[in-house]
Amino acid sequence: MAEHGAEGSTRAVIAALLANTGIAVLKFVAFALTGASSMLAEGIHSVADSGNQGLLLLGGKRAGRAATPEHPFGYGRERYIYSFLVAIVLFSVGGLFALYEAYHKAHEVASGHPDELLASRWWWVAIVVLLGAIVMEGLSFRTAVGETNKTRGSVSFPEFIRRAKSPELPVILLEDFAALVGLTFALFGVGLAKITGNGYFDVAGTAAIGLLLVGVAVVLGIETKSLLLGEAATPAAQRRLRDRLEQTEGVERVIHMRTMHLGPEELLVAVKVAVPRSSDAAQVAASIDAAERAMREAEPAARVIYVEPDIYVEGHHTEPRPTP
């Protein structure tokens, strides 16, 4: 499942990269012909998205490097780092630029400067490009949704974005969704500006795109920050690990367990188990080996496992509290 999830994430990223690269070129052509502020904001948006997909692919490649003495747990978290960079790029290059462009265009309209969009005889090019971009982004979004449906199970899309340990699919889902909504804003902004002769509609469309991108970037930043700090395994995975441990010969009970994702498909498990008081060293060692095998069978992502044996005494063992 993890391997399929990684392949599905890569497929969704590549589909989005191809779509956004082509769309960016068309948007800049439309801006050059019409001078529409919304088209410039959308062009920069597509450039930012294309760069973000490149970052995701680079992060996935670098995360596959083997562990070294300096980084004994490997490089799996590089995927989280590059996903966090995506949020920063989307916020600064996409969102803040669009808001600045809206402010600049509003100042021009208020100052009575001639509006290039209203005067252009090529205004219809912007409409055609936006409609074509909606189709292309829709196909990319469909790919992302299809890959997500293979891994999200019965949880909702917002819950999947919040709980997913692999960052690529949530990033692509949010980016493609924002792209479709942003294109709709641009379409209404350009269309209403031309119909009414009021350039403020173009300003409103541009500002809406900026606010949308800033909002999506904040959501991505919050979720990726949580992954960078180190999230535990899902409750379902923890239950599977605990159940298999308690069924393992030589293990009386699980005293406490801690888990943390070293990467999307790499899980660290540290567990203290109770062994029979009468066990000798050889039996304890056999119990530890059996516990490790059981956990890897229950959760293949459990790559790094530490098992501490102990004698359970009622009232003497409490669940350790995380350091504040």
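Each reported figure results from applying straightforward, stated rules to the coordinates on display, with no laboratory input. Remember, it's a predicted structure, so these values are computed and weren't measured experimentally. Using ideal geometry, Cβ is built from the backbone for each residue, glycine included, and neighbour counts are taken over all protein chains shown.
Can you give me the relative contact order of segment 1-104 as a percent, contacts being Cα pairs under 8 Å and 6 or more apart?
With pairs under 8 Å counted, the relative contact order is 26 percent.
Rank these for me by crowding, Lys225, Lys27, going from fewest to most other beta carbons within 10 Å.
Lys225, Lys27
Dipole of segment 2-229 (Lys/Arg Cβ +1, Asp/Glu Cβ -1, origin at the Cα centre): which of Ala178, Ala66, Gly210 lies farthest to the positive side?
Of the listed residues, the answer is Ala66.
Work out from phi, with θ = phi - 60° and the Karplus expression 6.51 cos²θ - 1.76 cosθ + 1.60, the ³J(HN,Hα) of each residue of segment 232-242, listed in order in whole Hz, and give x for Gly and Pro.
Going residue by residue, I get 6, 4, 4, x, 5, 5, 5, 5, 4, 5, 5 Hz, with x marking Gly and Pro.
Can you tell me how much longer the chain between Ser156 and Ala270 gets when fully stretched, taken as 0.36 nm per residue apart minus their C-alpha distance, in nm with one decimal?
38.0 nm
Amide H to amide H under 5 Å from Arg253: which residues, 5+ apart in sequence or cross-chain, H placed 1.01 Å off N in plane?
So Arg253 has HN proximity to Ala274.
Suppose each label sits 7 Å from its Cα in the direction of the beta carbon; what would the Ala282-Glu249 distance come out to in nanometres?
Simple spin-label model gives 1.4 nm for this pair.
Counting Lys and Arg as +1 and Asp and Glu as -1, each charge on the Cβ, what is the dipole of segment 235-310 about the Cα centre in debye, to the nearest 20?
220 debye
Quantify how much of the Cα-Cα distance distribution of the chain extends past 32 Å, in percent.
43 percent
³J(HN,Hα) across segment 51-68 via Karplus (A = 6.51, B = -1.76, C = 1.60, θ = phi - 60°), whole Hz, x for Gly/Pro?
Calculated HN-Hα couplings, in order: x, 5, 5, x, 5, 5, 5, 5, x, x, 5, 5, 5, x, 5, 6, 5, 10 Hz.
Mind checking which of Met39, Met257, Met295 has the largest fluctuation in a GNM of the chain, springs on alpha carbons under 10 Å?
Maximum among the listed residues: Met257.
Just to be sure I understand: with springs between alpha-carbon atoms less than 10 Å apart, which residue in Gly153, Gly112, Gly182 has the highest mean-square fluctuation in the Gaussian network model of the chain?
Comparing Gly153, Gly112, Gly182 in the GNM, the peak value goes to Gly112.
Using 0.36 nm per residue, how much length does the chain from Ile222 to His256 gain when fully extended, once their Cα-Cα distance is taken away?
Answer, rounded to one decimal: 9.4 nm.
I need Asp49, Asp289, Asp176 ordered by Cβ neighbour count within 10 Å, fewest first.
If I rank by nearby Cβ atoms, fewest first, I get Asp289, Asp176, Asp49.
With springs only between Cα atoms under 10 Å, which of His256, His107, His71 fluctuates most in a Gaussian network model of the chain?
His71
Can you tell me what share of the DSSP beta bridges in the chain is antiparallel? A percent to the nearest 5 is fine.
Taking every DSSP beta bridge with both residues in the chain, the antiparallel ones total about 55 percent.
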